[in-house]
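Colleague: I have a structure here, written as structure tokens, and I will follow up with some questions on it.
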Amino acid sequence: MAKNKKEIPVYMMIFTVSSLLLMGMLLFQVYEAIAPPRIGGALPIEERGNLLAIPAMLEDLDPDPMKAFYELDVQHGQMEFFPGVITDTMGYNGNFLGPVLRVKKGQEVQIQVNNQLELPTTAHWHGLDVDGPNDGGPHQGIMPGESWTANFSVDQPAATIWYHPHFHHTTGNQVYHGLAGLIYIEDEESEDLNIPKTYGENDIPLVIQDRNFKRDGNFHYKLANIGLEPGEVLLVNGTPDPYVELNRELVRLRVLNGSNFENFDLTLSNGNAFYQIASDGGFLEAPVKMDSLFLTPGERAEILVDLSEVTDEHLALLIGKDVVLDIYLSGDPRAAAEIPEALVTVEDIPVGENPTTRTFVLESEGIDGTINGKEFDMDRIDKVVPKGETELWVIRTTERSRPRPGHPFHVHGTQFQIVSRDGNPPPPEEAGFKDTIFVANGEEVVIKVLFHKEGLFMYHCHMLEHEEQGMMGQFMVEDMD
Ligand code: C2O
Ligand code: CU
Ligand code: CU
């Protein structure tokens, strides 16, 4: 017996034991990667998921307060979303997503974008009132190793806007790999409002994205007949299974639906209501009380959540039954916070006597799509629009677009307002400035658009795979006086 035992070499035993351990770990990781997100309920501290990443606030390199200079390096990177599993990614100034750029109304801004990728890219400022050449659309390609500098003045009210690539046929893939970031526009009103403003503490960005992973740990960017498969994993600011610890106080969440293809409907696990204070293009006139927040790809909303009176230790932000973000509370419960009654005056976009009316019909067949029956053509200008003259745009989707529930329609270079949805005035949370709207199948939405700056711009479905498969058009804004 003793002899037999000696015949099993120690290294074999170590090998066997460690392979078993390794296999276990791998299985666990695979399980982790494919496990559906967990539903709420207070968990002991050691079982918390991952601390929510808060994007860095990028340093403005121009000392002049009326100017800002930012530098963005677009780079390949790697992330360890799951322990021991490496995912190839892309990011701005880092491995995944990008920093927050803060600009002020009235500032002259320069953003230098250095493309360190092995692929062409662009940097588009989604929601910015900017001229065509500085919009960063498909025509402003930045080749590998090259730089491009956008120059613009900030001529719009405070808002949470964002940036992402727009190089035709690679947009969806590059965003999926991590290229996206937020821009905060501030102005005197946003600074004077009595709302939470401490970045990362009670003023928190939430970039929500769904992702699929392959067995080897890399993103599974899989195009299917119907478009893009919904992701099995939700990332918030690039963090899977994220949690935050927040004080029992009024908290402001700046939410971006940064997914390529999926609509999100957010609720709180305790059923509490919250208040939407801003839409894509800035503050609403007054907070709007709601108990769910619907965001289509590209849309943003700022909400106030009052945690003051919550006695539970834990709650969660949910999409259906899936946990998006676990929230652990600290500090003692206290009296409810004061929600401001009014926020700002939203300037109504003026409409002239006989405004030009244009119709846009969105239609998709699986992943392929058209606008007004045409697929996108980089060499075709679909509309010529006069600068400084408000037009009515009628956006329609047809029943043919099933199985998708509808399309997010986005216009570059401006912030517009909704006139009507199927003949009815927009709900209060959609009565402010918008740059992306959801248009349900069979619905008709009328918007009023006014362009202040000249150049070539895009309008498109913001389901990025639809955009790339044809649901995009371009218009030239010209000074016709
Ligand atoms: Cu988010 Cu064409 O843009
Ligand atoms: Cu855009
Ligand atoms: Cu679409």
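Colleague: Karplus couplings for region 304-314 from phi (6.51 cos²θ - 1.76 cosθ + 1.60, θ = phi - 60°), rounded to Hz, Gly and Pro as x?
Modeller: Each residue's phi maps through the Karplus curve to give 9, 10, 8, 9, 3, 8, 5, 8, 4, 7, 8 Hz.
Colleague: Can you sort 402, 248 from fewest to most other Cβ atoms within 10 Å of each residue's own Cβ?
Modeller: 402, 248
Colleague: Output the antiparallel fraction of DSSP beta bridges having both residues in the chain, as a percent to the nearest 5.
Modeller: Taking every DSSP beta bridge within the chain, about 70 percent pair in antiparallel fashion.
Colleague: Continuing with this model, one more query. Quick check for you: which residues of region 71-93 have the amide N under 20 Å from the point 7 Å beyond the Cα of residue 229 toward its beta carbon?
Modeller: Only 81-82, 85-89 pass the distance filter.
Colleague: Of 305, 327, 238, which is farthest on the positive side of the dipole of region 203-330, counting Cα position, with +1 on Lys and Arg Cβ, -1 on Asp and Glu Cβ, and the Cα centre as origin?
Modeller: 238
Colleague: Here is a further query. Can you give me the three principal axis dimensions of the chain from its C-alpha atoms, in Å, biggest first?
Modeller: 102, 57, 52
Colleague: Next up: Treating only the Cβ atoms of Lys and Arg (+1) and Asp and Glu (-1) as charged, compute the dipole magnitude of the chain about its Cα centre; round to the nearest 20 debye.
Modeller: Result for the chain is approximately 1920 debye, rounded to the nearest 20.
Colleague: Send over the Kirkwood Rh of region 393-481, from the inverse of the averaged 1/r over different Cα pairs, rounded to one decimal Å.
Modeller: 13.8 Å
Colleague: How many nm is it between the label spots at residue 358 and residue 62, if each spot is 7 Å from the Cα in line with the beta carbon?
Modeller: 3.1 nm
Colleague: Could you name the lysines whose alpha carbon sits less than 26 Å from that of residue 214, not counting residues in the same chain fewer than 8 places away?
Modeller: Result set, ordered by chain and number: 222, 321.
Colleague: Beyond 18 Å, what percent of the Cα pairs of region 203-330 remain?
Modeller: The proportion of pairs with Cα distances above 18 Å equals 54 percent.
Colleague: In what order do 329, 51, 256 fall by count of nearby beta-carbon atoms within 10 Å, going from fewest to most?
Modeller: Going from least to most buried by this count: 51, 329, 256.
Colleague: Using just the helices of the chain, give the 222 nm mean residue ellipticity in deg cm²/dmol: DSSP H runs with n ≥ 4 each add -39,500 (n - 2.57), and the total is spread over all residues, rounded to 500.
Modeller: Per the formula, -3000 deg cm²/dmol.
Colleague: A further question follows. Need one number: % antiparallel among DSSP beta bridges in region 357-478, to the nearest 5.
Modeller: 75 percent
Colleague: Does region 281-382 come out rounded, prolate or oblate by the C-alpha gyration tensor, with a ≥ b ≥ c the root eigenvalues, rounded set by a/c under 1.5 and, if not, prolate when a/b is larger than b/c and oblate if not?
Modeller: oblate
Colleague: Using θ = phi - 60° and the Karplus form 6.51 cos²θ - 1.76 cosθ + 1.60, what ³J(HN,Hα) does each residue of region 244-257 get, whole Hz, x for Gly and Pro?
Modeller: Result, ordered by residue: 10, 10, 10, 6, 6, 7, 6, 10, 10, 10, 9, 9, 10, 7 Hz.
Colleague: Could you work out how far helix 10-34 tilts from the main Cα principal axis of the chain, as a 0 to 90 degree angle to the nearest 10?
Modeller: Taking Cα atoms only, the helix is inclined about 30 degrees.
Colleague: How big is the C-alpha Rg of region 126-189 next to the rule-of-thumb value 2.2 N^0.38 Å, as a ratio?
Modeller: Rg over 2.2 N^0.38 Å, computed on Cα atoms: 1.22.
Colleague: Please sort 410-419, 81-90 by packing, taking for each peptide the average over its residues of neighbouring beta carbons within 10 angstrom, highest first.
Modeller: 410-419, 81-90
Colleague: Listed here are the pairs 105/453; 105/387; 289/387; 383/434; 197/453; which of them are more than 25 Å apart at the Cα?
Modeller: 289/387; 197/453
Colleague: Any idea what the alpha-carbon Rg over 2.2 N^0.38 Å comes to for region 67-192?
Modeller: Normalised Cα radius of gyration, region 67-192: 1.07.
Colleague: As an exercise, identify the trypsin sites (Lys or Arg not before Pro) in region 373-481 lying in DSSP coil whose Cβ has no more than 14 other Cβ atoms within 10 Å.
Modeller: 380
Colleague: Something else: Long-range amide H contacts for residue 109: which residues qualify at under 5 Å (H placed 1.01 Å from N, peptide plane, sequence gap of 5 or more or a different chain)?
Modeller: For residue 109, the qualifying residues are 68, 152, 153, 154.
All of the numbers you see were taken from the coordinates with simple rules; none came from a lab. Every value quoted in this text rests on a predicted model; they were computed, and no experiment measured them. Reconstructed Cβ throughout: ideal geometry from the backbone, glycine too, with neighbour counts over all protein chains shown.
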